[in-house]
1. If neighbour count is taken as other Cβ atoms inside 10 Å, put Lys43, Lys37 in order from fewest to most.
2. Which entries in the list Lys159/Lys216; Lys11/Lys33; Lys41/Lys100; Lys43/Lys100 go over 18 Å, if you measure between the two C-alpha atoms of each?
3. Compute the length gained on full extension between Leu3 and Ala213: take 0.36 nm times their separation in residues and subtract their Cα-Cα distance, giving the result in nm to one decimal.
4. Each label point is 7 Å from the Cα along the Cα-to-Cβ direction; what then is the distance between the points at Arg183 and Ser129, in nm?
5. How do Glu73, Glu17 rank when sorted from fewest to most other Cβ atoms within 10 Å of their own Cβ?
6. How large are Rg and Dmax for the stretch 30-167 when only the alpha carbon atoms are used, in Å?
7. As a footprinting exposure proxy, order Thr122, Thr223, Thr106 by other Cβ within 10 Å, with the fewest listed first.
8. Taking one equal scatterer on every alpha-carbon of the chain, how large is log10 of I(q)/I(0) by Debye at q = 0.09, 0.11 1/Å?
Amino acid sequence: MILRDDAIVLKRQNWSETSRIVHVLSRRGGRLKLVAKGSRKLKSRFGASFEPGTLAQVVYYASRSSDLHTASEAAVLWRPRCEDFDGSLLRSVALELAYKAAPVETPNLALFRNLLGFLQATGGPADGSHHTRLVAFFLLALNNLGYDPGLDRCLSCGKAASAALPWFSAVNGGLVCAPCGRRLSGTVALDGAQSSALRLWRDRRALPDLDPACAKRLLEVLTSFLNHHVSGRSRLACVRYL
Ligand SMILES: [Zn+2]
C-alpha cells in the first residue's frame, strides 16, 4: 500500500552505506519508522528532506509484516530558518520527547500539531520566549500522550489545591504538599517561580515568562516524571544539555 502523509522528522540513523532509517511523527499515522534508501548520497535532495526538525511530505510503501516502511519520495514543506545552537538544542528536546514517548503507529494529531506549532514558533533566531515555549510544549505533550501530571491536590495525602503544594513527586505523578514532600523519597522541592508556573498552567493553560534557568529546572522535573511513567523505553536525556 502506498501512502502519502505530512511528517515531522524526529531522528535519523545510518543504516547502510547509502541508506538511513528515519523516525518521523506523521499527521495521520503517528510515529513511523521509514527506511530511506539512497538518502546518504551526497547532494541527495531526498536525503536533505530528512534533517531532524523538518516538516516533509513523504510517500512511503507501508509494510504489512513489519513496522519498517519504505520512503520513496519526500519534499520539504517547512524547516527551521535559523540553525543557531540554542534554538537547535531546544528543538532537539521536543523532538526527543516525541521520538521516545509517542507509541509507534498510533495516530496522535494533537501531538503532531503541538510539535509543529512549537517548531515553527522557535524556527527563527532564539529569543527570550523560547524556553517558556518549550515548557508549554512539554506540558501540552504530556496531555497529548495521556500523562497529565496531577496538579490539583497532594497526590499523597489528598490535601486540596488551595493549600500550597510546593513539592513534586515523579513517583506519585505530580504535586505533593510540603509535609508529604519531606517525608517521601524521590521528591523535588519547587521554588516559588516553578510552583506558580504550574498553578497558572493548571488554571489557565498558560505560563508566565520563565527565565532559562527556571525553565530548565521545570523541564528536569517533568522529564523525571515522564521517565518514571514511560517504562521499558529509553529515557529522555536531552534536557541535561540545555
Ligand atoms: Zn500531602
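What follows is calculated from the coordinates using simple rules that are stated; it is not laboratory data. Keep in mind the model is a prediction, meaning the values are calculated, not measured. When we count neighbours, we look across all protein chains shown, and the Cβ atoms used for this are built from the backbone with ideal geometry, even at glycine.
1. Fewest to most other Cβ atoms nearby, the residues stand as Lys43, Lys37.
2. Long pairs (Cα-Cα over 18 Å): Lys159/Lys216; Lys41/Lys100; Lys43/Lys100.
3. 71.3 nm
4. 4.3 nm
5. The fewest-first ordering by Cβ neighbours comes to Glu17, Glu73.
6. So, for the stretch 30-167, Rg and Dmax equal 18.5, 61 Å respectively.
7. Taking fewest neighbouring Cβ atoms as first place, the list is Thr106, Thr223, Thr122.
8. Debye curve over Cα of the chain, log10 I(q)/I(0) at q = 0.09, 0.11 Å⁻¹: -0.42, -0.60.
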